[in-house]
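Written below as C-alpha cells is the structure these notes are about.
The values are calculated or read from the model by the stated rules, or taken from the named source; none is laboratory data. Source: prediction; values computed, not measured. Cβ placement follows ideal geometry from the backbone for every residue including glycine, while neighbour counts extend to all protein chains displayed. The area values use the complete protein model at the heavy-atom level, side chains included, leaving out ligands, DNA and RNA. Shrake-Rupley method; radii C 1.70, N 1.55, O 1.52, S 1.80 Å.
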Amino acid sequence: MSFSLPELPYAYDSLTPYMSKETLEFHHDKHHQAYVTNGNNLLKGSEWEGKSLEEIVKGSFGKNAGLFNNAGQHYNHLHFWKWLKPNGGGAIPGELENALIDSFGSVAKAKEDLIAAGTTQFGSGWAWFSVQGGKIVATKTPNGENPLVHGGTPILGVDVWEHSYYIDYRNRRPDYLKAFVENLVNWEYVAELYAAASK
Ligand SMILES: [Fe+2]
C-alpha cells in the first residue's frame, strides 16, 4: 500500500481566524505532501512494502529512521486534518466527557494537561490524548513519533511543529494550543476514536 495525500475535509479558509488559509496551504499541500512523497520513496523495496500504515509505523520505529519519520508524520497528519473542524471546540460528547473526567478529574484539567504537554515539548513534536490501560493520558512526543510506538492508542493529537502555527501565531505556541482546544478540535472524531479504542 503506498501513501497518498487526502483532500482536506473542509475549505482552506474555513478555520479562520484560528488557522489561516496560508497555514493550511503550506501545511497540507507542502509539508504533508513531502511526507507522502518521501515515505513512498523509502517504502519502495523495503520489508514493509505492502503492509498497513500502522504496521509500517510500528515496525519501522527504531529500525529505519527515514521511513519511520515520514510514515509516522503521514499517520499523524491523516488524523490531524480530521481532528480539526470549522466551529470546533465546544461541547464534548457525553461518553468521552465522562472518560476525561474519570482520567483527569475534570475536562478543564484534561485540556490544561494537553496544553502543558504541547507547550513543554522542546522543539518539534506533538501533544496527545491516548488510551493506555483503560485511561486517557496526556503525553508529548518528539518529531514524528506518536503513542502507537509507546503502547497507547492515539485519540487526539496536536501538531506543535512550527509549520503548524508560525504563520498565524509566530512564537506564541501556547496561544495556538489554546485556540486548538477551544475553537478547532473536532470532539466528535475524538469520541469516535475513543469508542473504538475502548472496545
Ligand atoms: Fe505538521
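The table that follows gives values for the structure above.
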quantity: Criterion (outside any strand (DSSP E or B) and within 16 Å of the ligand (Cβ to nearest atom)) met by exactly one of LYS111, LYS140, LYS82; calculated: LYS82
quantity: Selection status of GLN33, polar (S, T, N, Q), surrounded by 19 or more Cβ atoms within 10 Å (Cβ to Cβ) and part of a helix (DSSP H, G or I); calculated: no
quantity: Out of ILE56, ILE92, sole residue that is hydrophobic (A, V, I, L, M, F, W, C), open to solvent by less than 10 Å² (accessible area, probe 1.4 Å) and more than 16 Å from the ligand (Cβ to nearest atom); calculated: ILE56
quantity: Failed criterion for PHE122 (all others in (1) assigned to a helix (DSSP H, G or I); (2) open to solvent by 40 Å² or more (accessible area, probe 1.4 Å); (3) among the aromatic types (Phe, Trp, Tyr) hold); calculated: (1)
quantity: Members of the stretch 169-189 found to be free of Cβ contacts under 8 Å to residues at least 40 places away in the same chain and within 13 Å of the ligand (Cβ to nearest atom), listed by number; calculated: TYR176
quantity: Any hit, the stretch 149-162, residues being in a helix (DSSP H, G or I), closer than 21 Å to HIS31 by Cβ and open to solvent by 30 Å² or more (accessible area, probe 1.4 Å); calculated: yes
quantity: Which numbered condition GLY144 fails, given (1) surrounded by 15 or more Cβ atoms within 10 Å (Cβ to Cβ); (2) under 17 Å from TRP187 (Cα atoms); calculated: (2)
quantity: Odd one out for TRP48 among (1) open to solvent by 20 Å² or more (accessible area, probe 1.4 Å); (2) touching a residue at least 24 places away in the same chain (Cβ under 8 Å); (3) aromatic (Phe, Trp, Tyr); calculated: (2)
quantity: Boolean, PHE129 is among the aromatic types (Phe, Trp, Tyr), buried (at least 18 other Cβ atoms within 10 Å of the Cβ) and either closer than 22 Å to ASN69 by Cβ or at pLDDT 95 or above (or both); calculated: yes
quantity: Filter result for ASN69 (away from the ligand (no atom under 16 Å from the Cβ), under 27 Å from GLU25 (Cβ atoms) and open to solvent by 50 Å² or more (accessible area, probe 1.4 Å)); calculated: no
quantity: Residue count for the stretch 150-168, restricted to those that are more than 14 Å from the chain's Cα centre (by Cα) and either within 17 Å of SER198 (Cα to Cα) or away from the ligand (no atom under 14 Å from the Cβ) (or both); calculated: 2
quantity: Lone unmet requirement of (1) under 14 Å from the mean Cα position of the chain (by Cα); (2) open to solvent by 60 Å² or more (accessible area, probe 1.4 Å) for ASP175; calculated: (1)
